[in-house]
Amino acid sequence: MKGRPLIPFAFIALLGIVLIVAMSAIGVDQRASMDEEEEEPVDIGDPVEYGQGIVESSCITCHANDLGGTASAPAINNLEGQLSHDEIVDIVTNGQGNMPAFGGQLQPEEIDAVAEYLLSMSE
Ligand code: HEC
């Protein structure tokens, strides 16, 4: 009589363990596929064209449609000789003064493409 109730308990405990193992296996699996997505490189194609797309959607609000500058932001259509590729990448990634940082929303490859596009404008 004493031993009997133990059987359902053991069964429930076993079921619980199986469930936990199964759920964590699924969790690890999902984790792995999320990591893969993050690491997937952005397909840039032609960097100048790709950079232009980003600039036209993210930068012209402040720097004007022709990037010739507004009262609140300087011209960025003639940077050749003023800023190097790396300096542009740094400013766009980290921001500067009232210029917002884009490092959180753009991938490094995308910011590279933006710098390439901006420098190609002044040639
Ligand atoms: C919210 C407005 C705003 C947006 C959006 C913005 N900028 Fe700027 N940007 C500024 C301001 C303001 C400055 C001047 C910062 C300073 O030096 O005080 C600036 C400066 C710069 C400079 C340095 C120019 C120089 O001669 O020193 C570059 C390059 C630049 N922005 C590129 C970009 C790019 C590329 C984007 C889009 C990805 C962008 N900006 C989006 C406001 C903006």
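Where a number appears in this text, it was derived from the coordinates with a stated rule and is not lab data. Quick caveat, the model's predicted, so the values are computed rather than measured. Because the Cβ atoms are built from the backbone with ideal geometry, glycine has one as well, and the counts that use them run over all protein chains shown.
Ranked highest first by average number of other Cβ atoms within 10 Å, how do 106-112, 68-74 line up? Working shown, then result.
Details: 106-112: 16.7, 68-74: 12.4.
The densest-packed peptide leads the list: 106-112, 68-74.
How large is ³J(HN,Hα) for each residue in segment 10-15, as worked out from phi by the Karplus curve 6.51 cos²θ - 1.76 cosθ + 1.60 (θ = phi - 60°), to whole Hz, x for Gly and Pro?
Karplus values, whole Hz, x for Gly and Pro: 4, 5, 5, 4, 4, 4.
Residue by residue through segment 91-106, which ³J(HN,Hα) values in whole Hz follow from phi under the Karplus form 6.51 cos²θ - 1.76 cosθ + 1.60 (θ = phi - 60°), with glycine and proline marked x?
Using θ = phi - 60°, the values come out as 5, 5, 5, 9, x, 6, x, 8, 7, x, 7, 9, x, x, 10, 10 Hz.
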